[in-house]
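Chemist: Below are the structure tokens for one structure; questions will follow.
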Amino acid sequence: MNVSESDLSSILRDEPVERVERDGVEYVLLGTAHVSRRSMEAVKALLAQEPFDAVAVELCDSRVQSILHPEAFKQMDLFQVIRRGKTGMVAASLLLSSFQKRLADQHDIQPGAEMKVAMDGAQARELPLWAIDREVGTTLKRAWHNLGIWQRLTLLSGLLAGAIERAEIDGSEVEKLKQGDLLESALGEFASDSTSLYHSLIAERDAYMAAHLRTLGGKLDTTTPRRVLVVIGAGHLKGLRTALCTQQDDPQYKVAELAQLPPKARWPKWLAVGLVLMVFAAIGWAFHRNTMLGTQVLRDWLVYTGGFAALGALIAGAHPLSILAAFIAAPIKPFRPGIPAGGISALAEAWVRRPRVSDFESLRADVAHWKGWWKNRVARTLLNFFVVSLCTIIGEYLAGFHIVHKLL
């Protein structure tokens, strides 16, 4: 049944719509609530009411693929994830999806449903679909880089708490989502309190999306009126509008600048190297002074590093062979740069307890509850990686302090 013009206007009457003309292209910005069915209707109404040359959504390519192919986790190669150092990004994605699933289960709302409506509308009208947001992995890495040590610990604790929290997400949190950003809400109050995190999650993305729109808009056919529907969260509406109006940088340069991964901090690596060198120098000095003393401090190194790594694997519910792999790998870490002890233990876990098809199928659902991280073989392997890596570091520092104390 066709919807009348008056009905379409009624649907859009109270919706936040901004129009910005830049470089000969009219961008129709629709600010949506990620948990509002009314926003879905607003997207449909705009597509039905006006002709567009393209549809842009506040998504990155990977998030578009996750919407189009929600079962993609089933094809994940767990061995390659661990070997290529992508364990952190996979775990972060699972933590965020856990927050989304809690919303869906508790309030019968699927966050981002209006984006799916926009994507379907573009496909039905054979319009180009533009994923204008920055890759979520890049955003999280840049946000992490801008935080201090204590802020990182606070952020991690917030993410973990969100993953195991079972209390119902209250109405105030849902209302915040209607006016804000999904990533910001998933990270909790910390995102609002941290200027650095807010800049990475919101302001930088506003600038990136504006530059990306300008780049793509410049490629449209100039012989016809050019109009682009831009579906974004309400929390980005003001910032994106301002960036579109005021940006003077070359858009391609701006996109490349904001898509750069931050350089890895070197001091943690040098601190760890310095500690290990100090420990081995102490062990060598102990053997020089007394063979028995040298044997004792070497034993301490093996027991503390190997023991804590094995304890981490045990906490993660790992297989006995994975626990043994952690115990062996941790003490010889200085002699085998590359995959950490947690990675070796996780590889052993994935080999001994190969994930089943059912583990991949239920992965998103399982990680929504803290028990699921031990129940699901994929999640347990990821958990094993992080807990063993953390416990190995703790063991190294305790071994170092213990050995130095013995020699003094």
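Chemist: Can you run down the residue pairs with Cβ atoms below 6 Å, 6 or more apart or on separate chains, where the first is in region 380-408 and touching a residue at least 24 places away in the same chain (Cβ under 8 Å) and the partner is open to solvent by less than 60 Å² (accessible area, probe 1.4 Å) and not in a helix (DSSP H, G or I)?
Modeler: Qualifying pairs under 6 Å: R380/G317; L383/A316; N384/A316; N384/A318; V387/A316; S389/P340; T392/A330.
Chemist: Of all helices (runs of 4 or more DSSP H) completely enclosed by region 288-404, which ones contain at least 1 residues that are within 30 Å of S66 (Cα to Cα)? Spell out the reasoning first.
Modeler: Numbers: elements: 291-301, 307-315, 320-329, 341-352, 357-361, 363-366, 372-375.
The qualifying helices (runs of 4 or more DSSP H) are 341-352, 357-361, 363-366, 372-375.
Chemist: Further question on the same structure: Just a yes or no: is a residue in region 261-280 open to solvent by less than 80 Å² (accessible area, probe 1.4 Å), touching a Leu at 6+ places or on another chain (Cβ under 9 Å) and without any contact (Cβ under 8 Å) to a residue 60 or more places away in the chain?
Modeler: no
Chemist: Report, by residue number, each residue of region 31-59 that is in a helix (DSSP H, G or I), small (G, A, S) and either within 23 Å of the chain's Cα centre (by Cα) or buried (at least 18 other Cβ atoms within 10 Å of the Cβ) (or both).
Modeler: Answer for region 31-59, where residues must be in a helix (DSSP H, G or I), small (G, A, S) and either within 23 Å of the chain's Cα centre (by Cα) or buried (at least 18 other Cβ atoms within 10 Å of the Cβ) (or both): S39, A42, A45.
Chemist: Going by the structure shown, is R19 open to solvent by 50 Å² or more (accessible area, probe 1.4 Å) and part of a helix (DSSP H, G or I)?
Modeler: no
Conditions tested, residue by residue: (1) of a type outside the set (V, I, T); (2) out of contact with any Cys (no Cβ under 7 Å at 6 or more places or on another chain); (3) farther than 30 Å from A203 by Cβ.
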site: L220; (1), (2), (3): yes, yes, no
site: L237; (1), (2), (3): yes, yes, no
site: T246; (1), (2), (3): no, yes, no
site: A256; (1), (2), (3): yes, yes, no
site: P262; (1), (2), (3): yes, yes, no
site: G274; (1), (2), (3): yes, yes, yes
site: W285; (1), (2), (3): yes, yes, yes
site: T291; (1), (2), (3): no, yes, yes
site: Q296; (1), (2), (3): yes, yes, yes
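Chemist: Restricting attention to region 361-403, and to residues there that are surrounded by 17 or more Cβ atoms within 10 Å (Cβ to Cβ), hydrophobic (A, V, I, L, M, F, W, C) and more than 16 Å from A310 (Cα to Cα), which single residue is modelled with the lowest pLDDT?
Modeler: Restricting to residues being surrounded by 17 or more Cβ atoms within 10 Å (Cβ to Cβ), hydrophobic (A, V, I, L, M, F, W, C) and more than 16 Å from A310 (Cα to Cα), the top hit is A368.
Chemist: Hey, another quick one. Looking at (1) out of contact with any His (no Cβ under 6 Å at 6 or more places or on another chain); (2) at pLDDT below 90; (3) open to solvent by 10 Å² or more (accessible area, probe 1.4 Å), which is the only condition G112 fails?
Modeler: If we test G112 against (1) out of contact with any His (no Cβ under 6 Å at 6 or more places or on another chain); (2) at pLDDT below 90; (3) open to solvent by 10 Å² or more (accessible area, probe 1.4 Å), just (1) comes out false.
Chemist: In region 220-253, what residues are under 25 Å from G137 (Cβ atoms), modelled with pLDDT of 90 or more and open to solvent by 40 Å² or more (accessible area, probe 1.4 Å)?
Modeler: D250, Q252, Y253
Chemist: Turning to a different aspect of this structure: Output the number of the condition that A399 fails; it satisfies all remaining conditions of (1) more than 23 Å from the chain's Cα centre (by Cα); (2) more than 20 Å from V276 (Cβ to Cβ).
Modeler: (2)
Chemist: Please specify each residue of region 282-312 satisfying the condition of being surrounded by 14 or more Cβ atoms within 10 Å (Cβ to Cβ) and among the charged types (D, E, K, R).
Modeler: Passing the criteria: only D300.
Chemist: I've got another one for you. Being modelled with pLDDT under 60 and surrounded by fewer than 17 Cβ atoms within 10 Å (Cβ to Cβ) is the requirement here; does E126 meet it?
Modeler: Taking the combined requirement at face value, the residue does not satisfy it.
The values are calculated or read from the model by the stated rules, or taken from the named source; none is laboratory data. Quick caveat: nothing in here was measured; it's all calculated off a predicted structure. Every residue, glycine as well, gets a Cβ built from its backbone with ideal geometry; the counts of neighbours run over all protein chains shown. Ligands, DNA and RNA are excluded from the accessible area calculation, which covers all protein heavy atoms including side chains. Shrake-Rupley method; radii C 1.70, N 1.55, O 1.52, S 1.80 Å.
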